[in-house]
Amino acid sequence: MNSKEIRIVFMGTPDFAVESLKRLVEGGYNVVAVITMPDKPAGRGQKLHYSAVKEYALSAGLKLLQPEKLKDDTFLTELRALDADLQIVVAFRMLPEAVWNMPRMGTFNLHASLLPQYRGAAPINRAIMNGDTETGVTTFFLTHDIDTGKIIMQRKTPILDSDNAGTLHDRLMTIGAEMVTDTVDAIAAGTVSPVEQSALIEGSSVLRVAPKIFKEDCHIIWDKDAVDVRNMIRGLSPYPGAWSTLVFPDGESMQVKIFDTAIDSTDGQNIPGNIRSDNKKQLSVACKQGCLNILSLQLPGKKRLGVEELLRGFKIPEGSRFE
């Protein structure tokens, strides 16, 4: 079957999904509808906010559905009427079987890890936070349990020491979008040989998971090796952002977000969390082993700044520390 004739329903919400949808549309694939999350109020005025996928779908003139509940009979009737051959899911939400099992060619998902590693909502963040040096993207057919279906394709990419969650997100987004169209082509050509994830698990291998990240997961624990603390910070940068409480000698404190750091090669023998600064260009924090130079950070209610710019207008008293 010609891959451009396959009737495709695309499901996604954030920027990560837009690149795949755009690649399908611009490649001439037959996207008959797009499904995304309902609009949500945001900001001070609580105006309705469109998802990134909705913004693109509207600009491309695509049919759009925004169901509140995926098991709703009205939505299922609308979905069935689209007569899709194939459904593609990129950064959406868990689908009920009534949805993923509907198309004759199935439903496949693009996931930002090398499954079975990092099943869950935050694979990009978690891979960097754990200090991994390689990751990738996977397409797989959906089944009952989340992120466990048979693998169709995988592609790898190194995690560079200079990467943070933002740069890796963008690279995987591009690699994944290309693999989405390749997956459609392979399904249409009948050349797909899906592999059970259990076949990729070696007897002694440890499966790492990627659960959703909450605020408490972003609290920096300085009582760790400097390399591990740096990996955590870059794995949470630029979003949602690692944070620590800056405590002044007089007992006053504020919550600070830290986005970029470098290993301090000077003697790091100090109490974890203690700060050393010349209040001009340098701000370092002691870890259990070694120190980190803070390169960019954000004070409450302020914009993100490089450390030199911050120290021009904000002085840190001697004896201050991060907790």
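The values are calculated or read from the model by the stated rules, or taken from the named source; none is laboratory data. Source: prediction; values computed, not measured. Counting neighbours? That spans all protein chains shown, and the Cβs are built from the backbone with ideal geometry, glycine included. Heavy atoms of the whole protein, side chains included, go into the accessibility calculation; ligands, DNA and RNA do not. Shrake-Rupley method; radii C 1.70, N 1.55, O 1.52, S 1.80 Å.
Listed here are the residues, each with its yes/no results for (1) open to solvent by less than 10 Å² (accessible area, probe 1.4 Å); (2) in contact (Cβ under 8 Å) with a residue 40 or more places away in the chain.
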position	(1), (2)
Asp72	no, no
Ala81	no, no
Ile88	yes, yes
Ala91	no, yes
Pro96	no, no
Met105	no, yes
Pro123	no, yes
Gly131	no, yes
- [ ] Take segment 160-195 and flag every residue that is closer than 30 Å to Pro238 by Cα, out of contact with any helix residue (DSSP H, G or I) (no Cβ under 7 Å at 6 or more places or on another chain) and not in a helix (DSSP H, G or I).
- [x] Leu160, Asp161, Ser162
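For Ile263, are the conditions met, namely being open to solvent by 40 Å² or more (accessible area, probe 1.4 Å), touching a residue at least 12 places away in the same chain (Cβ under 8 Å), over 30 Å from Pro14 (Cβ atoms) and touching a helix residue (DSSP H, G or I) at 6+ places or on another chain (Cβ under 6 Å)? Can you show your working first?
On the way: open to solvent by 40 Å² or more (accessible area, probe 1.4 Å): yes; touching a residue at least 12 places away in the same chain (Cβ under 8 Å): yes; over 30 Å from Pro14 (Cβ atoms): yes; touching a helix residue (DSSP H, G or I) at 6+ places or on another chain (Cβ under 6 Å): yes.
Here the answer is yes, as Ile263 does meet what is asked.
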Task: Yes/no for Ala188 being at pLDDT below 95 and on the phi < 0 side of the Ramachandran plot - done: no
TODO: Among the residues of segment 10-25, count how many are in contact with a helix residue (DSSP H, G or I) (Cβ under 7 Å, 6 or more places away or on another chain) and among the β-branched types (Val, Ile, Thr).
DONE: 2
TODO: Collect the residues in segment 300-323 that are of a type in the set (Lys, Arg) and either in a loop (DSSP other than H, G, I, E, B) or crowded, with 18+ Cβ neighbours inside 10 Å (or both), keeping them in residue-number order.
DONE: Lys302, Lys303, Arg304, Lys315, Arg321
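Hey, does segment 223-235 have a residue that's β-branched (Val, Ile, Thr) and over 20 Å from Asn130 (Cα atoms)?
Within segment 223-235, none of the residues are β-branched (Val, Ile, Thr) and over 20 Å from Asn130 (Cα atoms).
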- [ ] Only residues that are within 23 Å of Thr107 (Cα to Cα) and in contact with a His (Cβ under 9 Å, 6 or more places away or on another chain): list them for segment 12-61, please.
- [x] Asp15, Phe16
Open item on the list: With the requirement that a residue be assigned to a loop (DSSP other than H, G, I, E, B) and closer than 26 Å to Asp185 by Cα, what does segment 119-144 give you?
Closed with: Leu142, Thr143, His144
Open item on the list: Considering only residues that are crowded, with 21+ Cβ neighbours inside 10 Å and within 17 Å of the chain's Cα centre (by Cα), which ones fall in segment 165-191?
Closed with: Ala165, Leu168, Leu172, Met173, Gly176, Ala177
Task: Search result, residues across segment 126-150 that are β-branched (Val, Ile, Thr) and under 23 Å from Gly27 (Cβ atoms) - done: Val137, Thr138, Thr139
Open item on the list: Criterion first (without any contact (Cβ under 8 Å) to a residue 24 or more places away in the chain, open to solvent by 50 Å² or more (accessible area, probe 1.4 Å) and farther than 27 Å from Val31 by Cβ) does Asp161 satisfy it?
Closed with: yes
TODO: State the number of residues belonging to segment 1-23 that are closer than 18 Å to Ala91 by Cα and open to solvent by 10 Å² or more (accessible area, probe 1.4 Å).
DONE: 8
Task: Leading residue by the ranking (modelled with the lowest pLDDT) among those in segment 24-54 that are basic (Lys, Arg) and surrounded by fewer than 18 Cβ atoms within 10 Å (Cβ to Cβ) - done: Arg44
Open item on the list: When you scan segment 140-152, do you find a residue that is closer than 18 Å to Ile88 by Cα, surrounded by fewer than 21 Cβ atoms within 10 Å (Cβ to Cβ), basic (Lys, Arg) and at pLDDT 95 or above, even just one?
Closed with: yes
